[in-house]
Amino acid sequence: MRDPTSFLRTEYDELVHADLDWKLRLLAGPSTPWSIVDGKKVLMFCSNNYLGLSNHPAVKEAAMEAIRTHGAGSGSVRPIAGNMDLHMELERRLAQFKGAEASLVYQTGFAANSGLIPQLVGEGDLVVSDELNHGSIIDGVRLSRAERAVYKHADPGDLERVLDASEQHSPAYRRILIITDGVFSMDGDIAPLDKVSALGATHGAMVYVDDAHGEGVLGEGGRGIVSHFHLSRDQVQVEMGTFSKAFGVVGGHVSGSRDLVNFAYNKSRTWLLSGSAPPAVAAACLAAVDVLEHETDHVRRLWEHTRRFKRAMADLGFDIGRSETPITPIIVGESSVAKRLSQRLFELGLFALPIVFPMVAKDRARIRTIMNAALTVEDVDFAISAFETAGKELSII
Ligand SMILES: *Cc1c(COP(=O)(O)O)cnc(C)c1O
């Protein structure tokens, strides 16, 4: 008899053979500036924990206290018996922080995108998406029955072309949703949300931004991309984000009008049919919002370090791409060079992973670095000198 599972081994072996399988690194202990990775003490230079909040004393204490007062789990999905005061308080505080009428918290950012997008659009509708949008957006769009159109990356002219063409469609689309990442995670560039939202307004389309990498980074006190461009809620109707990056915990969220939130919590299947965040998670997220509101130093330091690093890397002659944010790609070309550079940096005590084809174009392999506010200036200089040493050894600079 033929083994019906033989494809599992075959496909895995193919990935290993092509060197495209994920080789998991092991973090022993917390994700701090100096972490133990695969048994070696290294400077963490690729985590999404931009502000170091995953180890902030107030955030950790809030999580521990919530376990004492509320237990380890919530017991249910939100709409049945798992809606705790902590969840409601988190949503109230987040909406306040974002300057939105209301917010809704999901278990993850992935669950927010894949649960909400297919409810906002369906048959007879059109989704217009930036070509480099995150995989969770792509999956959310696939789950909808809407038609899809893609515009060139961060190109308002091409978005306008797509929107103009959509007006010729017969029968007319019922709804149009424009959707974009706020900050693009591979290049660190910022979506032209001001122009995107203006085009949305002239074409009567909804605008949805996924600000996973913009929160805690852009805008006033890290309020995100909508704040960065001084846009109003009428211009960007859906602001989605995550607690798993700068907030340092885990969980997704959307902010917007009260109507949006009422609609979303009655319709998003990922929210309705999946257990709610454990009390420790909700309380830690709440504490992280509080820290962002009251300790503005973290965001300031993140940008100081970012400027110092980018300036030094450009002066050394590295190609640092078009990033405008604390994500700085060090573009080296060939995949094999990026892998060797990452390996050498690790030996020198710096942890930053290579990003290679198929995640980026074949000749645009890179080390993706992400700055962290919890580093000292000496740590940033250590990273620069590790890049200088390894870059010279490998004849990249
Ligand atoms: C990380 C990320 C997500 C997923 O967020 P999680 O909360 O980790 O599931 C969604 N969109 C973008 C752009 C991201 O970078």
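State all residues of the range 149-188 that are of a type in the set (Phe, Trp, Tyr) and out of contact with any helix residue (DSSP H, G or I) (no Cβ under 9 Å at 6 or more places or on another chain); if no residue qualifies, say none.
PHE184 - this is the single residue of the range 149-188 that is of a type in the set (Phe, Trp, Tyr) and out of contact with any helix residue (DSSP H, G or I) (no Cβ under 9 Å at 6 or more places or on another chain).
Can you give me the number of residues within the range 87-120 that are over 18 Å from SER197 (Cα atoms) and surrounded by 19 or more Cβ atoms within 10 Å (Cβ to Cβ)?
Total satisfying the criteria: 22.
Cβ-Cβ below 9 Å, separation at least six or inter-chain, first residue in the range 291-311 and of a type in the set (S, T, N, Q), second loosely packed, with under 13 Cβ neighbours inside 10 Å and in a helix (DSSP H, G or I): which pairs?
none
It is to be established whether one or more residues within the range 194-203 are aliphatic (A, V, I, L, M) and part of a strand (DSSP E or B).
The answer is no, given that none of the residues of the range 194-203 is aliphatic (A, V, I, L, M) and part of a strand (DSSP E or B).
VAL196 - would you say it is within 16 Å of the ligand (Cβ to nearest atom) and closer than 30 Å to GLU295 by Cβ?
Taking the combined requirement at face value, the residue does not satisfy it.
Are there any pairs with C-beta distances below 6 angstrom linking a residue in the range 169-188 that is within 23 Å of GLU123 (Cβ to Cβ) to a residue that is open to solvent by 20 Å² or more (accessible area, probe 1.4 Å) and away from the ligand (no atom under 11 Å from the Cβ), with the two at least 6 apart or on different chains, and if so which?
ARG174/GLY124; LEU177/MET206
Assess whether SER257 counts as being open to solvent by less than 20 Å² (accessible area, probe 1.4 Å) and more than 16 Å from the ligand (Cβ to nearest atom).
No.
Please verify whether LEU132 is assigned by TED's automatic domain parsing to the domain that holds SER274, of a type outside the set (S, T, N, Q) and in a helix (DSSP H, G or I), treating the condition exactly as stated.
Answer is no for this residue.
So ALA66 passes all but one of these: (1) on the phi > 0 side of the Ramachandran plot; (2) open to solvent by less than 70 Å² (accessible area, probe 1.4 Å). Which condition number does it fail?
(1)
Within the range 17-40, does at least one residue satisfy the condition of being under 16 Å from PHE243 (Cα atoms) and touching a residue at least 60 places away in the same chain (Cβ under 8 Å)?
Checked the range 17-40: no residue is under 16 Å from PHE243 (Cα atoms) and touching a residue at least 60 places away in the same chain (Cβ under 8 Å).
Does ARG300 satisfy the condition of being charged (D, E, K, R) and either in a strand (DSSP E or B) or closer than 18 Å to LEU43 by Cβ (or both)?
No; evaluated as a whole, the condition is false for this residue.
What's the number of the only condition in (1) within 16 Å of the ligand (Cβ to nearest atom); (2) part of a helix (DSSP H, G or I); (3) of a type outside the set (D, E, K, R) that SER185 fails to meet?
(2)
Here's a check for you: in the range 223-234, which residue that is surrounded by fewer than 24 Cβ atoms within 10 Å (Cβ to Cβ) and at pLDDT 95 or above is farthest from PRO326 (Cα to Cα)?
LEU231
Scan the range 204-215 and give yes if some residue there is in contact with a helix residue (DSSP H, G or I) (Cβ under 7 Å, 6 or more places away or on another chain), without any contact (Cβ under 8 Å) to a residue 60 or more places away in the chain and surrounded by fewer than 19 Cβ atoms within 10 Å (Cβ to Cβ), otherwise no.
No, that holds for no residue.
With respect to ALA338, determine if the residue is more than 16 Å from the ligand (Cβ to nearest atom) and either modelled with pLDDT of 95 or more or of a type in the set (A, V, I, L, M, F, W, C) (or both).
The answer is yes for ALA338.
Do you know which residues across the range 134-152 are open to solvent by less than 70 Å² (accessible area, probe 1.4 Å) and either more than 14 Å from the ligand (Cβ to nearest atom) or of a type in the set (S, T, N, Q) (or both)?
Hits for the range 134-152 are SER136, SER144, ALA146, ALA149, TYR151.
Taking the options SER54, SER31, name whichever one is surrounded by fewer than 19 Cβ atoms within 10 Å (Cβ to Cβ) and under 22 Å from GLN107 (Cα atoms).
None of the others qualify; the one that does is SER31.
List every residue pair whose Cβ atoms sit under 7 Å apart, with the two residues 6 or more apart in sequence or on different chains, where the first one lies in the range 78-91 and is in the same structural domain as ALA66 (by TED's automatic domain parsing) and the second, anywhere, is open to solvent by 70 Å² or more (accessible area, probe 1.4 Å).
Taking only residues 6 or more apart or on different chains, the pairs are ALA81/GLY75; GLY82/GLY75.
Please indicate, with yes or no, whether at least one residue in the range 214-234 is of a type in the set (Asp, Glu) and within 12 Å of the ligand (Cβ to nearest atom).
yes
Does ARG307 satisfy the condition of being more than 20 Å from VAL217 (Cβ to Cβ), at pLDDT 95 or above and assigned by TED's automatic domain parsing to the domain that holds ASP38?
No; evaluated as a whole, the condition is false for this residue.
Assuming TRP303 fulfils every condition listed in (1) among the aromatic types (Phe, Trp, Tyr); (2) in contact with a strand residue (DSSP E or B) (Cβ under 9 Å, 6 or more places away or on another chain); (3) within 19 Å of ASP189 (Cα to Cα) apart from one, which condition is it?
With respect to (1) among the aromatic types (Phe, Trp, Tyr); (2) in contact with a strand residue (DSSP E or B) (Cβ under 9 Å, 6 or more places away or on another chain); (3) within 19 Å of ASP189 (Cα to Cα), TRP303 is out only on (2).
Of everything in the range 150-188, what is among the acidic types (Asp, Glu), at pLDDT below 95 and more than 11 Å from HIS203 (Cβ to Cβ)? Give them in sequence order.
ASP187
The values are calculated or read from the model by the stated rules, or taken from the named source; none is laboratory data. Predicted, not measured: the structure shown is a model, and the values here were computed from it. A quick note on method: Cβ atoms are made from the backbone with ideal geometry, for glycine too, and the neighbour counts reach across all protein chains shown. Side chains included, ligands, DNA and RNA excluded: accessible areas come from the protein's heavy atoms. Shrake-Rupley method; radii C 1.70, N 1.55, O 1.52, S 1.80 Å.
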